[in-house]
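All remarks here apply to the structure that follows.
Values quoted throughout were computed directly from the atomic coordinates according to the rules given, and no laboratory measurement underlies them. Quick caveat, the model's predicted, so the values are computed rather than measured. Cβ atoms come from the backbone with ideal geometry, glycine included; neighbour counts cover every protein chain shown.
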Amino acid sequence: MAELDTSGGGKKGGGKVRSKKASTRVDLTAMVDLAFLLITFFMLTTTLAKPQAMDLGMPDKDDIKKDQLPVPASRTMSVLLGSKDKLEWFVGEPGKVAPNVDNYGKNGIRKALLDNAARIKQQSGGKDMIVLIKPSDKSDYKNLVDMLDELKIANVQIYAIVDITAPEIESLKRDGLY
């Protein structure tokens, strides 16, 4: 491992007597082996970050027309995803209720989801609110993911992603979100 060199370096005749200088040399082979063993151990035992994904169950295209149930408008909250990271929402039927322009986050759509869910549950005798997400052509994929995240945070159990209608597009255009 470590060795000590005590050779005098050769003697020439005559002169002063000098003390021998010892030079040290450390063999690091064992330390390098240990380092590689530790690196290998930690690489094999460490788990990498697993991607987080939300399960989204979509119906078959053939079963869409067969299994539709009537949904009362008083329990339905529609969310229209527009451009510029903005959205509109309303509870009830489109055209009969003025939509509210909002943004994403805890003071935006999350607050509206929590307030409306509590109000609808109280008014409907304990039944849950149904949220219809309607992305427009001008909304980003990020907006849809943000909306799904807000539904998960607000603990909304019943929601659907549906096509946006022409009157709803006109509402987005009127408010400058299309």
Quiz item: Does the range 81-99 hold any residues that are over 16 Å from residue 136 (Cα atoms) and either touching a Gly at 6+ places or on another chain (Cβ under 8 Å) or without any contact (Cβ under 8 Å) to a residue 60 or more places away in the chain (or both), and which are they?
Solution: 91, 92, 93, 96, 97, 98
Quiz item: If we keep just the residues of the range 120-178 that are farther than 17 Å from residue 103 by Cα and in contact with an Asp or Glu (Cβ under 7 Å, 6 or more places away or on another chain), which is surrounded by the fewest Cβ atoms within 10 Å (Cβ to Cβ)?
Solution: 157
Exercise. Working only within the range 156-178, note down all residues that are in contact with a Gly (Cβ under 7 Å, 6 or more places away or on another chain) and either assigned to a loop (DSSP other than H, G, I, E, B) or among the acidic types (Asp, Glu) (or both).
Key: 177, 178
Quiz prompt | Extreme residue, farthest from residue 104 (Cα to Cα), among residues of the range 138-175 that are over 21 Å from the mean Cα position of the chain (by Cα) and without any contact (Cβ under 8 Å) to a residue 24 or more places away in the chain | solution = 166
Quiz prompt | Identity of the residue in the range 70-87, assigned to a loop (DSSP other than H, G, I, E, B) and over 11 Å from residue 103 (Cβ atoms), that ends up nearest to the chain's Cα centre (by Cα) | solution = 83
Exercise. Among the candidates 106, 96, 84, 121, single out the residue that is of a type in the set (Lys, Arg) and under 14 Å from residue 178 (Cα atoms).
Key: 84
